[in-house]
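For reference, the structure discussed in these notes is given below.
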Protein chains: 2
Amino acid sequence: MAAGHVRDVDAGVLDGARGARLVAEIDGRVAGTVEIHPNLPGQGSHVANAGFMVDPAFRGRGVGRALGGAAIERATKDGFHAMQFNAVVATNTQAVKLWHALGFETLTLIPEGFRHPSLGLVDMHLMYKVLT
Amino acid sequence: MAAGHVRDVDAGVLDGARGARLVAEIDGRVAGTVEIHPNLPGQGSHVANAGFMVDPAFRGRGVGRALGGAAIERATKDGFHAMQFNAVVATNTQAVKLWHALGFETLTLIPEGFRHPSLGLVDMHLMYKVLT
């Protein structure tokens with residue numbers, strides 16, 4: 001699917017802070033969502049963070065990539081300086097690959113930041129992308 | 001002041017999550033506070049984060065150091081695996097020096113993560129310390 005199939009459901013003010021909610025639709029059904037919000041309050045609020053969900057029924061159809069592209073576009077338009085992800089689980093290689101492909105840089109690995117249900121403590125990527 | 005002058009005011013459950021609030025007292029007055037809580041929910045909740053406040057009237061008397069030491073001790077006792085600070089402003093060299101002295105490592109700098117009122121966009125340290 002293309003980023004054009006992602007639409008805004010809750011623009012502007014979200015829970016009192018700058019942010020937006022977008023949904024990706026396939027055949028009229030919600031296939032995934034992204035919520036954009038400031039990563040920190042106050043003097044850190046010019047950096048965006050975003051939370052993604054994709055319905056497992058729609059996996060492998062480019063929903064994550066479409067939502068990621070739309071989130072970058074939207075956060076840029078809304079004047080955010082950068083986007084930061086705090087917790088990309090290192091064993092989720094598909095997500096790591098996707099964010100790198102969309103221009104995110106891994107600034108560091110948070111050692112053993114995630115308790116994986118079968119693998120135990122695994123690292124997390126701290127990712128960052130300047131928006132222009 | 002010594003870490004021994006820091007006392008627990010709100011132990012155990014804090015806002016539904018694991019955490020604690022400690023206060024540092026000088027001459028019976030509250031000189032500063034620290035609040036300890038999971039840095040992330042769910043599968044990231046084994047890493048602690050902490051927020052510190054020191055009353056400007058008590059600056060230069062070791063309150064931050066005492067609270068920092070007490071927070072590390074308390075988070076360790078409470079079974080946290082590590083402590084992470086997400087936003088140590090790089091121009092706050094006193095804080096950077098204190099956390100390094102207490103064993104925190106700078107994993108990376110978040111580029112221009114903080115809007116300083118006079119200096120503009122400045123970096124932030126992402127700090128991490130394994131608790132044992």
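Determine if segment B:23-39 includes at least one residue that is crowded, with 18+ Cβ neighbours inside 10 Å and not in a strand (DSSP E or B). Scanning segment B:23-39, I find at least one residue that is crowded, with 18+ Cβ neighbours inside 10 Å and not in a strand (DSSP E or B), so the answer is yes.
For segment B:96-132, how many residues meet the condition of being out of contact with any Lys or Arg (no Cβ under 9 Å at 6 or more places or on another chain) and in a strand (DSSP E or B)? Here the count works out to 20.
Within segment A:105-132, how many residues are of a type in the set (Val, Ile, Thr), surrounded by fewer than 16 Cβ atoms within 10 Å (Cβ to Cβ) and at the interface with another protein chain (Cβ under 8 Å from one of its Cβ atoms)? Talk me through it step by step, then tell me what you get.
If we filter segment A:105-132 for residues that are of a type in the set (Val, Ile, Thr), which is where we start, we get A:106, A:108, A:110, A:122, A:130, A:132.
Filter once more, so that each one left must be surrounded by fewer than 16 Cβ atoms within 10 Å (Cβ to Cβ): A:130, A:132.
Now restrict to residues that are at the interface with another protein chain (Cβ under 8 Å from one of its Cβ atoms): A:130.
Adding up the residues that qualify gives 1.
For residue B:41, the conditions (1) at pLDDT 95 or above; (2) within 21 Å of residue A:89 (Cα to Cα) all hold with the exception of (1). Scanning segment A:11-22 for residues that are surrounded by 11 or more Cβ atoms within 10 Å (Cβ to Cβ) and modelled with pLDDT under 60 turns up A:11, A:14.
Residues of segment A:68-104 that are under 18 Å from residue A:24 (Cα atoms) and over 11 Å from the mean Cα position of the chain (by Cα): A:73, A:74. Among the residues of segment B:62-104 satisfying the criterion of being touching a residue at least 24 places away in the same chain (Cβ under 8 Å) and among the β-branched types (Val, Ile, Thr), which is farthest from the other protein chains (Cβ to nearest Cβ)? Filtering segment B:62-104 for residues that are touching a residue at least 24 places away in the same chain (Cβ under 8 Å) and among the β-branched types (Val, Ile, Thr), the one farthest from the other protein chains (Cβ to nearest Cβ) comes out as B:63. Would you mind stating whether residue A:49 is in contact (Cβ under 8 Å) with a residue 40 or more places away in the chain and of a type in the set (S, T, N, Q)? Answer is no for this residue.
The values are calculated or read from the model by the stated rules, or taken from the named source; none is laboratory data. In this text the structure is predicted, and so the values were computed from the model without any measurement. Positions of Cβ are generated from backbone atoms using ideal geometry, with glycine treated the same way; all protein chains shown enter the neighbour counts.
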